[in-house]
Amino acid sequence: MIQISALPAFTDNYIWLLQDHRHQRCAVVDPGDAAPVQAWLARHPGWELSDILVTHHHHDHVGGVEQLKKASGAKVWGPANENIPGRDVALNDNDQANILGWDFDIYAVPGHTLGHIAYYHHGLLFCGDTLFAAGCGRLFEGTPEQMHHSLSRLAALPEDTLVYCTHEYTLSNLRFAQAVEPDNPDIAERLRKVSELRENGKMTLPSTLALEKLTNPFLRTGETSVKQKADERNGLDNRAQSAVFAALRAWKDKF
């Protein structure tokens, strides 16, 4: 079995650590800072960092890659269409990556960045800054249509899939979700639970796709209540779900 835990970095990033206890090997996802990973390795002598998984090129996801690779010789996996420091294996849509003996399917999920990828293995999704708990990433490079399509692909995965995104944004995202759907009881209940977790200094991840479909407005663009709120916000009849998404994303950017 592989154990997954979080190494906090910066103010709200998580570097995901995958541990193969049988072989004392580990992998990390999006190490924007080498220090938390090096600290963990120092506390666990005998462990080898064998793989570094990267979802996209932003500095808070790749800043520690070269330092960790130099120290450990780890293999660096990353999107083919982005400039990833130290990358050994360039990954495209529908590729596979074998990490710690597990096969991960690669999904191209443009939107936050154009070359962004996600890693999926039977019930585990490492999605970087594409899908967040109760939210989604900002559109720095892609279009609303691209991001809506990317999120739709991820939402089609099994509902019990655990969502390992890379920021602790859940509380602020749920406040927005409640503004979109003030009468949604699932959002109200999740907001209560997440508020309690954060008050106690606890993390709110991973999420599940089932929970996201109930509480994440960006996965609920087909719901009448969400469309009505989007129409109200931009004064249009947003007939396509991607147009509903675009209205929500523009609203969230200023929320």
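Readers should treat all values here as calculations from the given coordinates under stated rules, not as data from a laboratory. Treat the numbers as computed from the prediction; the structure is a model and nothing was measured. Neighbour counts run over all protein chains shown; Cβ positions are idealised from the backbone, glycine included.
For segment 154-245, what does the relative contact order come out to in percent, with C-alpha contacts under 8 Å and a separation of six or more?
32 percent
Over 27 Å between Cα atoms: which of K193/K229; K229/K254; K75/K202 fall into that group? The pairs that break the limit, which is 27 Å between Cα atoms, are K75/K202. Among residues other than S50 with Cβ under 15 Å from its Cβ, the summed charge is +1 (Lys and Arg +1, Asp and Glu -1).
Y14: net charge of surrounding residues, Cβ under 10 Å, Lys/Arg +1, Asp/Glu -1, itself excluded?
It works out to a net charge of -3.
For the chain, the relative contact order works out to 13 percent when only alpha carbon pairs closer than 8 Å and six or more residues apart are counted. With no solvent and one point per C-alpha, what does the Debye sum give as log10 I(q)/I(0) for segment 62-182 at q = 0.09, 0.11, 0.21 Å⁻¹? Taking Cα atoms of segment 62-182 as identical point scatterers yields -0.27, -0.40, -1.30. Contact order, relative form, for segment 1-128: 17 percent (alpha carbon pairs under 8 Å, 6 or more residues apart, mean separation divided by residue count). Taking GluC sites (Glu not before Pro) across segment 149-255, the ones in a DSSP loop with at most 14 further Cβ atoms lying within 10 angstrom of their Cβ are E159. Computed per residue of the chain from DSSP H runs no shorter than four, each worth -39500 (n - 2.57), the mean residue ellipticity at 222 nm is -10500 deg cm²/dmol. About its Cα centre, the dipole of segment 2-153 is roughly 380 debye, where the only charges are +1 on Lys and Arg Cβ and -1 on Asp and Glu Cβ. In this Cβ point-charge picture (+1 for Lys and Arg, -1 for Asp and Glu), the chain has a dipole of about 340 debye about its Cα centre.
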